Amino acid sequence: MAGTTTTTNTSTGNTNPTANLPPLLDLTIDNITPNTIRINSQASDARLKYLMARLVTHLHDFARETRLSSDEWMAALQFLISCGKICSDVRNEFILLSDVLGLSLLVDNINHPTLPGGTEGSVLGPFHTHDAPVLPNGSSMTSDPEGEPMLALCTVKDLKGNALPGVTIDIWETDSSGHYDVQHADRDAPSERCIMKSDDEGRFWFKGIKPVSYPIPHDGPVGKLLERLNRHPWRPAHVHFKFEKDGWDPLVTALYLKGDPYESSDAVFGVKKSLVVELGKVDKATAEAYGVKEGSWLLKHDFVLSTQKETEELRDRLAVQELEKLGLNMKLVDHLPVPELD
């Protein structure tokens, strides 16, 4: 028709892309939030629409509640920019930020709830890599001559106590100086890390070193934030474990040494009482059986996994309970809540 201009949205192919939009004019403190949510609600993905609606709601409420100043918001943006600039293949400042804010542990607890009798999860941390060597049971995963030798004897079982063979276990820890291998500029090969498989009886064992306390990297923006908050950057001594097997809920966890001075004030909130262990000493018979020195440190632990189905059912039940408490009319799609539309 003459005199009519048809505009095409090149990203979606739709004509008249402004037809159903709210009038984004004269926006105020009171109407900016519903209008932002409404314009974002054009997405066809129900989960994305819900996530964006809640994100905008909480961000805007935060600004209103705190009467956020322009200088403070600019400082926050500069902080995030600084986090991005310091990130590399071996250091992720955003993961570190998520850790120190307690968000990493919260998300893990929501997505991987622990069934009675199961092993609780902990934080992955920013120093997991994908280049750990695959070693047979009984191998040494350390090249640190200064570390105190430690033998680890572990099992993996299901909730009924049955052995789980063929579980892939990713293991990593710091060296005796409190640094992960990727923190050393001269790193030419992985150290203090390995990947193993549980045997037919669900067992796996390795030689490492007694873990030590260490500070998270605090020479960057996250470290400056901790300093402003009068928080220390230290983590208690621990060893990381990551378990994977088809049909089973993946478990990321760690074992922490009892009596560590930072046991109850972990900078990244990873410690749970069930994950605190006490090291023993290797006796003569064990030393001969595993080829280590008598008197070496001994770590013994039984890990318990749940199936993917068991974990998903528990996660769904907990999600429904929490959503009902909040008075939200929701349904679960692929185990994730989206609004229940009448």
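List pairs: first residue in the range 246-267 and loosely packed, with under 15 Cβ neighbours inside 10 Å, second residue of a type in the set (Gly, Ala, Ser) anywhere in the structure, Cβ distance under 8 angstrom, at least six positions apart or on different chains. From the range 246-267, the pairs are PRO261/SER213.
Residues are listed down the side, and each one gets a yes or a no for (1) aliphatic (A, V, I, L, M); (2) under 14 Å from the mean Cα position of the chain (by Cα); (3) modelled with pLDDT of 95 or more; (4) over 30 Å from VAL304 (Cα atoms):
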{"position": "LEU80", "(1), (2), (3), (4)": "yes, no, yes, yes"}
{"position": "SER88", "(1), (2), (3), (4)": "no, no, no, yes"}
{"position": "HIS128", "(1), (2), (3), (4)": "no, yes, no, no"}
{"position": "CYS154", "(1), (2), (3), (4)": "no, no, yes, no"}
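Only residues that are surrounded by 13 or more Cβ atoms within 10 Å (Cβ to Cβ) and either in a loop (DSSP other than H, G, I, E, B) or in contact with a Leu (Cβ under 7 Å, 6 or more places away or on another chain) (or both) were counted in the range 329-338, giving 2.
In the range 248-283, of all residues being hydroxyl-bearing (Ser, Thr, Tyr) and out of contact with any strand residue (DSSP E or B) (no Cβ under 9 Å at 6 or more places or on another chain), the one that is nearest to GLY117 (Cα to Cα) corresponds to SER274. Looking at LEU159, LEU105, LEU151, just one residue is surrounded by fewer than 18 Cβ atoms within 10 Å (Cβ to Cβ) and aliphatic (A, V, I, L, M), and that residue is LEU159.
Does GLY259 meet the test of being out of contact with any Cys (no Cβ under 7 Å at 6 or more places or on another chain), of a type in the set (Gly, Ala, Ser), modelled with pLDDT of 95 or more and more than 19 Å from ASN92 (Cβ to Cβ)? It is true that GLY259 is out of contact with any Cys (no Cβ under 7 Å at 6 or more places or on another chain), of a type in the set (Gly, Ala, Ser), modelled with pLDDT of 95 or more and more than 19 Å from ASN92 (Cβ to Cβ).
Residues in the range 59-74 that are surrounded by fewer than 11 Cβ atoms within 10 Å (Cβ to Cβ), part of a helix (DSSP H, G or I) and not charged (D, E, K, R): 4 in all. Considering the range 264-299, and only residues there that are more than 23 Å from GLY102 (Cβ to Cβ) and among the small types (Gly, Ala, Ser), the residue that is nearest to the chain's Cα centre (by Cα) turns out to be GLY280. Look at the range 186-202: where a residue is closer than 21 Å to LYS157 by Cβ, no partner that is crowded, with 20+ Cβ neighbours inside 10 Å and at pLDDT below 95 sits 6+ places away or on another chain with Cβ atoms under 8 Å.
Scanning the range 180-214 for residues that are surrounded by fewer than 16 Cβ atoms within 10 Å (Cβ to Cβ) and either closer than 23 Å to ASP260 by Cβ or in contact with a helix residue (DSSP H, G or I) (Cβ under 6 Å, 6 or more places away or on another chain) (or both) returns a single hit, ARG187.
Residue by residue, here is whether (1) in a loop (DSSP other than H, G, I, E, B); (2) charged (D, E, K, R) holds:
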residue	(1), (2)
ASN35	no, no
ARG38	no, yes
VAL107	no, no
PRO126	yes, no
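Taking the range 162-199 as the range and being part of a loop (DSSP other than H, G, I, E, B) and under 25 Å from TRP248 (Cβ atoms) as the test, the residues that pass are ASN162, LEU164, PRO165, GLY166, VAL167, GLU173, SER198, ASP199. Selection of the range 40-58 for residues being more than 23 Å from the chain's Cα centre (by Cα) and in a helix (DSSP H, G or I) yields ASN40, ALA46, LYS49, ALA53, VAL56, THR57.
Look at (1) surrounded by 13 or more Cβ atoms within 10 Å (Cβ to Cβ); (2) part of a loop (DSSP other than H, G, I, E, B); (3) acidic (Asp, Glu) and you find that GLU294 fails only one, number (1). Can you find, within the range 131-143, the residue that is modelled with the highest pLDDT among those that are touching an Asp or Glu at 6+ places or on another chain (Cβ under 9 Å) and surrounded by fewer than 18 Cβ atoms within 10 Å (Cβ to Cβ)? Looking at the filtered set, the residue picked out is ASN137. For beta carbons closer than 6 Å, sequence separation of 6+ or different chains, a first residue in the range 46-65 that is assigned by TED's automatic domain parsing to the domain that holds PRO34 and a second that is hydrophobic (A, V, I, L, M, F, W, C) and in a helix (DSSP H, G or I), the qualifying pairs are ALA53/ILE37; VAL56/ILE37.
The values are calculated or read from the model by the stated rules, or taken from the named source; none is laboratory data. Since the structure is predicted, the reported quantities are computational estimates derived from the model, not experimental observations. Cβ: placed from backbone, ideal geometry, glycine included. Neighbour counts: every protein chain shown.
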